[in-house]
Amino acid sequence: MNALFALDSGFTGQGVIVGVIDDGAVNANGELTGRISDLSRDFGYETRNGVRAKRNSIGDEKSTHGTPVANIIAGNRNNSGPMGFAPDARLAILRADEVNYDTNESSMDHGIAALNYARDQAIKVVNRSMSQATGPYDVFSSALTRYSQTGGLVVNSSGNSGGTNPNDAPAVNELNKNSIIFVGALVETTQRYELAAYSNRAGTMRDRFVVAVGANVTTNAAGQVGVFSGTSSAAPVVTALAATILSKWPQLTGQQAGDVILTTSKDIGAPGVDEVFGRGVVDFQAALAPINPRLSNGVTSAAIQNSVMALPAQMSVTDIRNALSDVTVLDDFGRNYNGSVSEMVLQPATSQRSHWLRRRVAQMNDGGVTGVSFGGLNASFGYATYQFGPNQADVNSVVTAGDVSFVSGKFGFRAGWNAQDSLQSDIMGLAPFADGILAYAPQAGNSFGVDRYIGRSKVGLTLSTGSFGEMRATAVTAGWSNGSTDVRLSYIDENGSVMGTPTGNGALRLGEGAQTVMIEGHHTFKLGGDWDLEAYGSVGLTRLKIDRASLVTGATDILGSRLGIQASGPAFGGMLSFGVAQPLNVERGTAQLTVGTGYDLDTRSLTFGQRNADLSGERSLQITAGFAKSNARSSFRIGFMQDVNRGETSALAGWSIRY
């Protein structure tokens, strides 16, 4: 039953009063010292020498049943003898027996009065290790209905007659069924647990039925330690669990604590809720663990299990993880938990490079570029060829990219599909994108543009778009170029991503996307011979699209920058390139998170606070180099990249030969 988990975790029933409707309880050997509440009452009578009189004792030598029941619930944790499952709970002993000393007979005649009293005192949970083996049940049913209206819970033993239903099942109806849990007894046979032969089964009460160990070592009315068995012994185990739950979460009603117990019991026997074990074995650890916890920003909430935040590699995760290291959440039963969700903040460093890498791998395969030129029309298509079998015919070719342009007079029109970097001569150098659109949103590789030629210069307008999975991006760019210098002003709109990285899901989603305004420049210098030196840089301001359901409820404008230089030219019979770059990095920006910071018992709701997280990333210096050589029979490409800050080296190489 994992009961030690509760005790080891400090969940001991403190602050909860449990009603015990039974034949009273004796504080034998001090095992109940400090555990008896002032709400305890004696509802019974006694008959001596033919005279029936009201009794005023919550326990005496006749309390042979209620004493072990009380000790199973809250026996003292005093380093002596057995202790209860909820040792710090307090007990309202509601003595309900009537004793005839002349005949030495007793009966539980005053349980209804005791239950009515528990209702009047708003006692949330009552243990009733007794059952009415014969009718009438209408009186108990009415009392149970009245008690149900307070939100209270009766934990009732199912009975020891071996019946197919709990003895008191006839008293349960639609008005009161949520206020009662029946408990059957388990016994160990051949190292496994089964329902005790004497225990009544779940039967028609299977939805309101659990089982617990039916033989517990405890203290009896004579102060002796021994085994107390039966469904009367199993019921107080479940009552103690309810007290443990109510101690940790006093905002719950007894019935809500009962629903937690039913929901978290371990299924045994036939799969699902069955007519023998009902819901299964009570599980203290599962009952104290959150059930579908939800993160909230004070306006909306979402399940933790569906929430994850993905930050671009250009941002720092440290502050956001710190802000999420101590949050308060609620579960399906309104129970508050404190903990960390910082491990649910991820940084997929290769999110942008995945798009880039697929293109590079395609380039390494035996393929190339084919084109057509006619008048003012020029078109080219990149393709890759894959050998997928041992035969020469086992070849598959795919188109990897395409560009079409048309010039007529002073106007030019162009379109590109899965376009390569339009600014930098990347010869397998693993260099970052020089093109600002691809640096921010690499999924936007498709474009259509219009240019106006003015002398040796041109001005143009380009629309770029594309998607990858759930990420979509559209950009509009106005640019000027004179052949060696390009200046561009771009507006980039991302949905499902920020800087080309998915934003995540649920309450931790970074946002719905982002909007960026960026200015960039690129210039090519001639170094002599056929060698070129290319330099580029950009500055951009990014604004997050705030998701109403996210803990990220605000953000400042995010400043990003990047720059790089690369030299390329002929060498060693091929083309050589090398360069230095600072990839796109967040220089300044702050996210505001609204998180649960505590729980207010008076309003029964979370309290919230705002925390700011610095998004500024760490600049990265990357050194790149690449070499490509090909002829009619073979081609060879190799590239290197050294990230100085991270101490990481990447290499990519490909060789192909034609037969």
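The values are calculated or read from the model by the stated rules, or taken from the named source; none is laboratory data. This one's a predicted model, so the numbers in the text were calculated from it and none came from an experiment. Cβ: placed from backbone, ideal geometry, glycine included. Neighbour counts: every protein chain shown. Note: areas computed on protein heavy atoms with side chains; ligands, DNA, RNA excluded. Shrake-Rupley method; radii C 1.70, N 1.55, O 1.52, S 1.80 Å.
Just give me the residues in segment 522-534 being buried (at least 17 other Cβ atoms within 10 Å of the Cβ) and either under 24 Å from GLU494 (Cα atoms) or among the hydrophobic types (A, V, I, L, M, F, W, C) (or both), in sequence order. The one that is buried (at least 17 other Cβ atoms within 10 Å of the Cβ) and either under 24 Å from GLU494 (Cα atoms) or among the hydrophobic types (A, V, I, L, M, F, W, C) (or both): HIS522. Could you please let me know if ALA286 is touching a strand residue (DSSP E or B) at 6+ places or on another chain (Cβ under 8 Å), open to solvent by 30 Å² or more (accessible area, probe 1.4 Å), at pLDDT 95 or above and assigned to a helix (DSSP H, G or I)? Yes; evaluated as a whole, the condition is true for this residue.
Among residues of segment 92-112 being of a type outside the set (D, E, K, R) and without any contact (Cβ under 8 Å) to a residue 60 or more places away in the chain, the one that is surrounded by the most Cβ atoms within 10 Å (Cβ to Cβ) is VAL99.
Filter segment 253-283 down to residues that are in a loop (DSSP other than H, G, I, E, B) and either within 22 Å of ALA3 (Cβ to Cβ) or open to solvent by less than 60 Å² (accessible area, probe 1.4 Å) (or both), then give me how many there are. Looking only at that region, the number is 13.
Based on what the data block shows, is ASP614 among the charged types (D, E, K, R), touching a helix residue (DSSP H, G or I) at 6+ places or on another chain (Cβ under 8 Å) and within 21 Å of MET499 (Cβ to Cβ)? Yes.
The condition (being farther than 30 Å from ASN336 by Cβ and open to solvent by 50 Å² or more (accessible area, probe 1.4 Å)) is satisfied by just one residue among ILE638, ILE623: ILE623. Looking across segment 626-635, the residues that are modelled with pLDDT of 85 or more and either hydrophobic (A, V, I, L, M, F, W, C) or open to solvent by 20 Å² or more (accessible area, probe 1.4 Å) (or both) come down to PHE627, ALA628, LYS629. Applying a threshold of 8 Å to beta carbon distances and a minimum spacing of six or more residues, or different chains, the list of pairs starting in segment 555-566 at a residue that is without any contact (Cβ under 8 Å) to a residue 40 or more places away in the chain and ending at one that is crowded, with 21+ Cβ neighbours inside 10 Å and in a loop (DSSP other than H, G, I, E, B) reads THR556/GLY589; ASP557/GLY589; LEU559/GLY589. Of all residues in segment 615-632, those that are touching a residue at least 24 places away in the same chain (Cβ under 8 Å) and among the aromatic types (Phe, Trp, Tyr) have Cβ atoms under 8 Å from Cβ atoms of residues that are part of a loop (DSSP other than H, G, I, E, B) and surrounded by 14 or more Cβ atoms within 10 Å (Cβ to Cβ), 6 or more apart or on another chain, in PHE627/ILE427; PHE627/MET428. Only one entry in LEU533, LEU510 is out of contact with any helix residue (DSSP H, G or I) (no Cβ under 7 Å at 6 or more places or on another chain) and in a strand (DSSP E or B), namely LEU533. Against the condition surrounded by 18 or more Cβ atoms within 10 Å (Cβ to Cβ), in a strand (DSSP E or B) and of a type in the set (Val, Ile, Thr), how does VAL586 come out, does it pass? When the stated conditions are applied, VAL586 passes them.
Residues are listed down the side, and each one gets a yes or a no for (1) of a type in the set (Phe, Trp, Tyr); (2) in a loop (DSSP other than H, G, I, E, B); (3) within 42 Å of the chain's Cα centre (by Cα):
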position	(1), (2), (3)
ASN56	no, yes, no
GLY59	no, yes, no
ASN76	no, yes, yes
SER80	no, yes, no
ASP88	no, yes, yes
ARG119	no, no, yes
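Within the option set THR218, THR244, being open to solvent by less than 70 Å² (accessible area, probe 1.4 Å), farther than 25 Å from ASP274 by Cα, in a strand (DSSP E or B) and not hydrophobic (A, V, I, L, M, F, W, C) holds for one residue only, THR218. Check off (1) closer than 23 Å to SER63 by Cα; (2) small (Gly, Ala, Ser); (3) in contact with a Lys or Arg (Cβ under 9 Å, 6 or more places away or on another chain); (4) open to solvent by 20 Å² or more (accessible area, probe 1.4 Å) for SER157 and give me the number that stays unchecked. The failed condition is (4).
Flag: SER233 does not match the condition of being in a loop (DSSP other than H, G, I, E, B), of a type in the set (Gly, Ala, Ser), more than 20 Å from ALA286 (Cβ to Cβ) and touching a Gly at 6+ places or on another chain (Cβ under 8 Å). Has segment 516-527 got any residue that is part of a strand (DSSP E or B), closer than 23 Å to PRO348 by Cα and not basic (Lys, Arg)? Yes - at least one qualifying residue is present in segment 516-527.
The single residue among ALA113, ALA86, ALA28, ALA96 that is under 15 Å from GLY13 (Cβ atoms) and among the hydrophobic types (A, V, I, L, M, F, W, C) turns out to be ALA86.
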